[in-house]
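To start, the structure under review is shown below, and the notes come after it.
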Amino acid sequence: MKHKQLVGLLLMHQKQLQKMLAMNQKQLMVMLVKSQKRLEGMVMINQKQLVMMMLTSQQQLVPDGDDKPETAGDTQEPPTEDGPMPVEPDQEAENQDGAKKQEDPEQSQTADQEEKEKQEPAIELAAETGEPPAETGEPAAGTGEPAAGAGKPAAETTEQATKEATPTEIPAQEAETGMKQGQSSPRIEEKGTPEPSTEHMATGTEQPGVGLAPVGRPVAEHHPAPSPVPQYDADATATVKFVLLPTQQVATLRCYLTQTLYELKEHFAQELKIPASSILLMLDGKGTKDGMTLAELGVGPNGTIRLEMQSADPENQPIKAFKPRQEYTMPDVISVRVSSDGGMKDVVVEIERANRKKPFLGGYKHKKTSVEYHHASAQTVQKPRPPPGVERFCRDTQTVKQKHILQQTTNDMATQMTKIGVYINNMRDRLIVPGKYQTADDYRMNTLEKVCDKINPIIRKLDTVCPVVLVIVIQKYYRRWLAKRYVEKVRLDQAQRLEWERKEELRKKKEKEDRIRREFERRMNPKTKEDFDLLYHALEKWRLEEINNINETLSGAERKAALCQLLDQETQLIASIGRHKLDANDENRQKAIQAFLEKASSPKRWKGPDGKQTEMDTPYTIRAQELQDIYNSINMKYLTQDERLDVLLTLKHTVKEHDCKLTQEIIELIDREADLLMRGVKESNLEGLRRRISSLFLQYIKTPTFNPEAARLLKVPQDPSTLRKNIYFCPSCNQYLPSTEFQLSSNSMVVGKCRKCNKMDNDARVRQDYSHYRFMLKSIRKAEESYDDDSKIAFLIQENDLRYLVENVWNSQSVLSAWDDLYDLVLVRWDRHQEWSPWNSILLTKEEATAHKKLERLEEAYGKVFLHKVKHKHTLARNYFSRMPGMAEHMRSRNSSALPSGPAVSGKAIAPAKA
């Protein structure tokens, strides 16, 4: 036993060390990941600064041309010899910003780092919604190509833009805008094959700042000359980012280039629940017309544009936060950035929608946001295995061949012969001579010949008899056969009936003996409240018998002396019952504590679709298991001094996790016991101190702050507001108790005494045993549950009401056989098609009740006098329990009003969809 305890303590310490190591390892991994992200952010910021410096130096070399719009081919022309190229005001501001960044690189790096940290949540949100972030390859606003500083060096981006761009392919407005934002000019390619897109636009939300052009260079206003709008395919799409003002929320849509701005307004009017006329769309702070298409705004296929959205009447119809749709529609075409020999490039990938159901390959769940992510499965159907080039042949089945062989087995026989000392009488011996061998066929033929020899004379006699006589003879033998068969059946039924009666008699006798033995055991060793009620009832029954005997046999002074002696005996018996009650209370208290600890530490269990039971341990149940082990250890007896000190040390480390008055008192008592143990104090003198430690630690376990699993097992609710409902006053004990502590009868007008006071009054004066009626009430409710016809009255009636019904209405005996043993009597339905009630019941024995349930028509089974007698008893019951029908109807009305009338999910009604 001691070895097991030491092993348990060692395992508990080992688990705690493993938890501490796992937590330290997890913290180290989190620190490594954070440092890696910071280094990557610093590298991205340095690359971004380098690109901006190169773009600034290139723009200073751009000459001031004529009024004609600039093109990508003019960006590489050398400056003139007359002097330096004139710089525009906006370019001077940009050059000054670049010079400041070069002079103070540390401040620039710090600012970019802060900007990067602010945009990290937005980048993660964009990754979840399927949109690439702005700094990792997202196209800049108003162009169809990614930003220059996204993944390529500035030199490569400029050379590629110079080689690919031509004046006929780029509108003037897009060229100037791209040059002023430090990007390569977009290239719009007109393809003959249109790109497919989804019918419904998928929406997503982003944080403010995601999708903007690189920060640090102000975009100057420019009004180029009008240029012809290029013609695109009708199915060409682009990405439109709407900035909702003033919330700065970004909503992303995949739209057709031929869609007008008014159609987009109608879409957002439905989403935001405001009229379309109250929505204003702006491009770069300027108003737009409702009839303009996305192509007229200068966006190309697979390009991106940024529009601002605000309300025309912000006070009455403001634009609230936009909630994206939960459903997600897979687009037909996606853009994927891949690495190639020359750098990064965008590839358009067409998605094939598979008709088959994708398999579930598992996934994981985000701990903070509780978002579930499932592993993706390949859309490509697995290729069939190619047939092998080698010809194959199957092996023939080897069937076992059966062969029948006849053989003659030997049969050994023992013989006794005459010899010396043994005499065998041979007077009955006879000589046997072997005859001719006869086969089976010969034996059958000889048998048939003998039968024919016996039947032929009878047939010759019947030929001379009339056919009518033959029929009569046949009928006589047939009736004889039927009569013999009937008699045999009746004899068999009689034997079965007698056997059944014998078994039933034995069963009843055995049940009665078992009941008497159980009652005797309950009286000798009472443990529950019902056992003590039975004991008090037997005491009262004995007292009444003794009083009647004294009154009949004695008188005068002898009678008074006998009554005093009887009172002393009753007092001694009551004191003995009280001692048994104290012992039972201690035992029941320990059982209740262990049951509480078992419930708190038991794992969560549920049954799966396959019928198997699954168990899961939560952190709360594991905590409860540890506290249970410690509680059992401190209550364990016959431990050595070292083992006891080890248990006290474990308890001290456990309660030191929380600092309060209770834990301080426990720690003080632990130190006191450890000091007394070291001084050699006897264990018998430490029992009181150990009981105090055990009771205080039990209080520690029952506190939800220290043991969260105990909150669902406490009888007293944690919320004080729940105690203010259904509270009644008990005039006997002067306490306010909940309604469940009062036992009400069907005809009571006031609340009356509580259950505890009623039990105390019953033990002191009445001493009535309700175990018979309690058992009978349980059988009635169980039978009513099997009918499943919404019966209510059987669950409203109480033990006192059932006692009145049995004793006063049915006289505690069967109405058919007058059997008065309450253990054999049951109350069943009189009419089985109606619910059970005091006026629709009959008191019968168990066998009579089984036969009564099989009756279809009561008028044919019982006589008129018996029917009149039963109806009279039903009338008496209806008059006494007159309030029962109203109570049952009230319960039915409450249940019907609580249930939803239409379709419902989990008890909640579903509102019908509007047309």
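For the reader, a short list of remarks on this structure follows.
- Odd one out for LYS682, checked against (1) out of contact with any helix residue (DSSP H, G or I) (no Cβ under 6 Å at 6 or more places or on another chain); (2) without any contact (Cβ under 8 Å) to a residue 40 or more places away in the chain; (3) within 30 Å of GLU626 (Cβ to Cβ); (4) surrounded by fewer than 16 Cβ atoms within 10 Å (Cβ to Cβ): (3)
Here's the yes/no breakdown for (1) of a type in the set (S, T, N, Q); (2) open to solvent by less than 60 Å² (accessible area, probe 1.4 Å):
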{"site": "LYS512", "(1), (2)": "no, no"}
{"site": "ASP531", "(1), (2)": "no, yes"}
{"site": "SER555", "(1), (2)": "yes, no"}
{"site": "LEU582", "(1), (2)": "no, no"}
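- Picking from residues in the range 539-553 that are of a type outside the set (D, E, K, R) and free of Cβ contacts under 8 Å to residues at least 40 places away in the same chain, the one that is least open to solvent (accessible area, probe 1.4 Å) is ILE550.
- Filter result for the condition that a residue is buried (at least 16 other Cβ atoms within 10 Å of the Cβ) and over 19 Å from GLU626 (Cα atoms), over GLU673, GLU709: GLU673
- Residue under evaluation LEU714, criteria (1) open to solvent by 30 Å² or more (accessible area, probe 1.4 Å); (2) touching a strand residue (DSSP E or B) at 6+ places or on another chain (Cβ under 9 Å); (3) not aromatic (Phe, Trp, Tyr), criterion not met: (2)
- Any hit, the range 596-616, residues being open to solvent by less than 40 Å² (accessible area, probe 1.4 Å), modelled with pLDDT of 90 or more and basic (Lys, Arg): no
- Odd one out for LEU696 among (1) modelled with pLDDT of 90 or more; (2) surrounded by fewer than 15 Cβ atoms within 10 Å (Cβ to Cβ): (2)
- Lone unmet requirement of (1) modelled with pLDDT of 80 or more; (2) assigned to a loop (DSSP other than H, G, I, E, B) for TYR373: (2)
- Test result for LYS289, part of a loop (DSSP other than H, G, I, E, B) and either touching a Pro at 6+ places or on another chain (Cβ under 6 Å) or farther than 25 Å from VAL333 by Cβ (or both): yes
- Pair list, Cβ < 6 Å and 6+ apart or interchain, from the range 280-301 residues that are under 15 Å from THR258 (Cβ atoms) and charged (D, E, K, R) to residues that are open to solvent by 50 Å² or more (accessible area, probe 1.4 Å) and assigned to a loop (DSSP other than H, G, I, E, B): GLU296/VAL229
- Hey, LYS702 out of contact with any strand residue (DSSP E or B) (no Cβ under 9 Å at 6 or more places or on another chain), under 26 Å from LYS756 (Cβ atoms) and at pLDDT 90 or above or not: yes
Residue by residue, here is whether (1) touching a Leu at 6+ places or on another chain (Cβ under 8 Å); (2) assigned to a helix (DSSP H, G or I); (3) loosely packed, with under 13 Cβ neighbours inside 10 Å holds:
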{"residue": "VAL826", "(1), (2), (3)": "yes, no, no"}
{"residue": "GLU835", "(1), (2), (3)": "no, no, no"}
{"residue": "ALA849", "(1), (2), (3)": "no, yes, no"}
{"residue": "GLU856", "(1), (2), (3)": "no, no, yes"}
{"residue": "GLU860", "(1), (2), (3)": "no, yes, yes"}
{"residue": "VAL870", "(1), (2), (3)": "no, yes, no"}
{"residue": "HIS874", "(1), (2), (3)": "no, yes, no"}
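- Subset of the range 584-595 (residues that are in contact (Cβ under 8 Å) with a residue 40 or more places away in the chain and surrounded by 12 or more Cβ atoms within 10 Å (Cβ to Cβ)): ALA584, ASN588, ILE593
- The one condition in (1) of a type outside the set (Lys, Arg); (2) touching a Lys or Arg at 6+ places or on another chain (Cβ under 9 Å); (3) farther than 18 Å from ILE593 by Cβ that GLU709 fails to fulfil: (3)
- Qualifying positions in the range 514-529 - open to solvent by 90 Å² or more (accessible area, probe 1.4 Å) and among the acidic types (Asp, Glu): GLU521
- Scanning the range 359-369 for residues that are exposed (fewer than 10 other Cβ atoms within 10 Å of the Cβ) and at pLDDT 85 or above yields LYS365, LYS367, LYS368, THR369.
- Restricting attention to the range 731-765, the residues that are without any contact (Cβ under 8 Å) to a residue 40 or more places away in the chain and either in a helix (DSSP H, G or I) or open to solvent by 70 Å² or more (accessible area, probe 1.4 Å) (or both) add up to 18.
- Pairs with Cβ under 9 Å, 6+ apart, first in the range 856-881 and closer than 16 Å to TYR804 by Cα, second charged (D, E, K, R) and open to solvent by less than 80 Å² (accessible area, probe 1.4 Å): TYR880/ASP801; PHE881/ASP801
- Filter result for SER791 (buried (at least 17 other Cβ atoms within 10 Å of the Cβ), at pLDDT below 90 and assigned to a loop (DSSP other than H, G, I, E, B)): yes
- Sole exception among (1) in contact (Cβ under 8 Å) with a residue 12 or more places away in the chain; (2) open to solvent by 40 Å² or more (accessible area, probe 1.4 Å) for GLN628, by number: (2)
- For ARG803, the criteria (1) under 21 Å from LEU544 (Cβ atoms); (2) touching a Lys or Arg at 6+ places or on another chain (Cβ under 8 Å); (3) open to solvent by 60 Å² or more (accessible area, probe 1.4 Å) hold in every case but one, which is (2).
The values are calculated or read from the model by the stated rules, or taken from the named source; none is laboratory data. All figures in this text were calculated on a predicted structure; none of them were measured in a lab. Note that we place each Cβ from the backbone using ideal geometry, even for glycine, and neighbour counts take in every protein chain shown. Heads up: the accessible areas ignore ligands, DNA and RNA and are worked out on the full protein's heavy atoms, side chains in. Shrake-Rupley method; radii C 1.70, N 1.55, O 1.52, S 1.80 Å.
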